[in-house]
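The values are calculated or read from the model by the stated rules, or taken from the named source; none is laboratory data. Since the structure is predicted, the reported quantities are computational estimates derived from the model, not experimental observations. Glycine also receives a Cβ, built like all others from the backbone with ideal geometry; neighbour counts cover every protein chain displayed. What goes into the accessible areas is simple: the full protein's heavy atoms, side chains included, and nothing from ligands, DNA or RNA. Shrake-Rupley method; radii C 1.70, N 1.55, O 1.52, S 1.80 Å.
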Amino acid sequence: MIRLIRATENRLSDFNVLSFRSSFLKLTNSIKLDKKMVQTLSVEELRKRSAQAQELIEKLQNQIQQIKKQTTPESMSEKVKMLQRENEQLRNEVEQLKKELENAEHKPSEPVSSAPKPEAKKSEAKQKPAKQTEAKPKQEPKKAAAPVDEKVDFSKLDLRVGKIVKVEKHPDADSLYVEQIDLGEGKLRNVCSGLVKHIPLEGMQDKMVLVLCNLKPSKLRGVLSEAMVMCASTPEKVELLVPPPGAQIGDKITVEGFIGEPAPEINPKNNIFGLVQGDLKTDDNLNATYQGKLWQIAGKGPVTTSTLKNVPIK
């Protein structure tokens, strides 16, 4: 506390001494000026200046007395008391904050009693894998009970009559045509066919053709192909299959004895077309067949080819 009082006295004294010195310098400067100007000034002017000097001296004396009052131990003790009060208030606030912190630390102890709940969740989580393990045997018999290969036949193919409305060469593949085919769906399908080396462009335009419609769409050299044009094929020659006279766009192809709904999609995973393709051929009469039975459109006749006998259909 003594150190605090001394430090405060020093600050007050420094401040007041500076103001006192400035006032004293003004007085001495004015006195010096008066000495120089005594010879030129009249008696009345000298009296005025002396009166001003006297007033300034009195002001300085008052300031000195005020400085003394401010630096008295009584004034300093009052300031120290104020600081002590403020410190006491701060202590009280700190104590309150400590109590609040302790209360906050004790509050989480209540949920501890509900700790078994997470254990229950864990037990549930442990039970879930058990359910999954139970479900696995249910799924396995399904695969074993109905092998896909045994039931795949011609009925899984969605074969329809279509008309090539527009044909042009693929922009990035010399061996491919890009056809726009009308299948009676309200929109044209984009189809890529590797027939450039076998059939001229004019032999494709406006032709009625047989189209495999449930083939998974895929891109061929950057162009989307949404179906496949069916042809009788040898390494040397390829011909378009021809629908019977009177066939209409959208007519479906069937084979006697093979009734069923077409697969939603034929793709490399289910390999439906690969399983059926080995039995797709033309016969001695230029008819398209599956396992020796004719492709036909009900009430209109069989699907044929122009010249190729006993060759695969692709």
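Quick check on segment 231-282: of everything there that is touching a Gly at 6+ places or on another chain (Cβ under 6 Å) and not aliphatic (A, V, I, L, M), which residue is nearest to Leu183 (Cα to Cα)? Filtering first and then ranking leaves Gly250.
Filtering segment 269-314 to residues that are open to solvent by 80 Å² or more (accessible area, probe 1.4 Å), in contact with a strand residue (DSSP E or B) (Cβ under 9 Å, 6 or more places away or on another chain) and assigned to a loop (DSSP other than H, G, I, E, B) leaves Asn285, Gln291, Ala298, Lys309, Asn310, Lys314.
On the given criteria, is Ser225 at negative phi and within 38 Å of the chain's Cα centre (by Cα)?
Values: at negative phi: yes; within 38 Å of the chain's Cα centre (by Cα): yes.
So Ser225 passes the test.
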